Amino acid sequence: MKRLLIMGCLSYLLTGCTHVIFGAVLPELLAHYGRSYSGGGLLVFLQFGGFMLGVLAMPTLIRRISRRSTITMAFCFLFVAMLAIGLLPPWPVVIGLTFLAGISFGLVESSISTFVLMAAKDQQAVAFSKLEVFFGLGALFMPLVSSLLIANGLWKLAFMLLGLSALATGIIWSKLSLGEHDELLAHKADRSQKADRIPDLSKKSFIFLSLLMTVFFLYCGMENTIVNFLPSIFKDQLQASSSVSTLGVTAYWLTMVVGRLFAGALAEKMTYFKYLAFSFALSVITVIIWVFSTNLWSSFAVILLLGLFMSGMFAVALIYANQLLPGRTEQTTSALIASGGLGGAILPLGVGWGMDHFHVGVSIWFVLISMCAVFGIIMYTRRWQAPVLVAKV
């Protein structure tokens, strides 16, 4: 299990980097191709579109070619996409490669998350929190590395470094031995025999899954809104400088990473439902304070607290859903992560439109309303304190 976690954390570090690399070098990339920010919006859409396709295709690919082959193939695709983008091909090619990169890290994230959840058994929250810590580190460090490269006129090397890292990681996965987990890593469906039937969703369990998909849709929309628009909020509402405004995102990711170090153990001790209930309740209170905050330093304090309270939500909610929907880990995980990807792509666009046409504070109100809605949904799921899946034979 230790070796699996090491490889899982390394892989999540790379997916965290992939998640933010386009945003980190976007001004330079658009300037090179003479494109406006609408071109940047297209890249973000295609990346998330590819991500969703990769996540949804994961269960089928694992059954057909095995988990090891799926992960290795995904890293190879990521290597090709990143290296080719670093060579600065024509713009239409960049668009296609961005979509391929999205498919790749969607496959990696969903394949490894389900693998760890299936292997960890009684320590799922602790194990998954470690993955989330390294995802946060990747999202935190990639902009810093990109900034150094940009300062030296070498920004395109950010894509190449990420591509070479993906190749090395893919090679390790193709040769890796995980001891007792090797069978799970190499398993694929035997088409000569009748496959084990995946339990069907009852009406009750379908409602539960739909509610959790809504939670992930809103949560990822909130997280991407905070990450993308926090500098604008600080600059326009609090008259902070550009450099200070950017520090708000760094502060948010720092407390996210710190919180994820303890989220798993805390959730195991409190129970998953109680952890989620307290996290969302404290986040609602924090965002209410943010709405009325007019001071720069009090706003920084709010962001630090918000990152801390939101740090374990994604991982613990994923485990909570799988605990109450047993026997469908790959399908449930894929559906929830895809819902999050959809929310992360669509909702910030709506928030951005609202900021352009109304006021920059629209973004904070969106976070507050969404947080209240998600808190309400989590409290409603309290009625399900035992597995809700009913297999239809």
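Quick notes on this structure:
- Stokes-Einstein D in µm²/s, Kirkwood radius over Cα pairs - the stretch 62-140 at 37 °C with 0.692 mPa s viscosity: 234 µm²/s
- Neighbourhood net charge (12 Å Cβ-Cβ; Lys/Arg +1, Asp/Glu -1) for C9: +3
- Computed on the Cα atoms alone, the convex hull of the chain gives a volume of 135 cubic angstrom per residue.
- One quarter of the surface of the convex hull around the alpha-carbon atoms of the stretch 298-392 equals 7.7 nm², the direction-averaged projected area.
- Other residues lying with their Cβ under 15 Å from the Cβ of M355 contribute a combined charge of -1, Lys and Arg counting +1, Asp and Glu -1.
- Distance between the C-alpha centres of the stretch 113-141 and the stretch 46-82: 18 Å, rounded to the whole angstrom.
- Diffusion coefficient, µm² s⁻¹, Stokes-Einstein with Kirkwood Rh over alpha-carbon pairs of the stretch 1-78 at 20 °C and 1.002 mPa s: 147 µm²/s
- For the stretch 1-144, the gyration tensor built on C-alpha atoms gives a prolate shape. Its axis ratio a/c (a ≥ b ≥ c) is at least 1.5, and a/b is the larger of a/b and b/c.
- Reported value for the stretch 33-90: 75 Å³ per residue, from the convex hull of its C-alpha atoms.
- Report summary: the helix-based calculation at 222 nm, which adds -39500 (n - 2.57) for every DSSP H run with n ≥ 4 and divides by the residues of the chain, gives -29000 deg cm²/dmol.
- In plain terms, the chain from I369 to K204 could stretch by 56.8 nm, reckoned as 0.36 nm per residue minus the Cα-Cα distance.
- Across K130/K175; K130/K274; K2/K269, pairs whose alpha-carbon gap is larger than 30 Å: none
- Normalised by residue number, the volume inside the convex hull of the Cα atoms of the stretch 293-333 is 68 Å³ per residue.
- A straight chain from F278 to A265 at 0.36 nm per residue would run longer than the Cα-Cα distance by 3.2 nm.
Since every read-out is calculated from the coordinates, none of them should be taken as a lab result. Owing to the predicted nature of the structure, the values given are computational and were not obtained by experimental measurement. For neighbour counting, all protein chains shown are included, and Cβ atoms are generated from backbone atoms with ideal geometry for every residue, glycine included.
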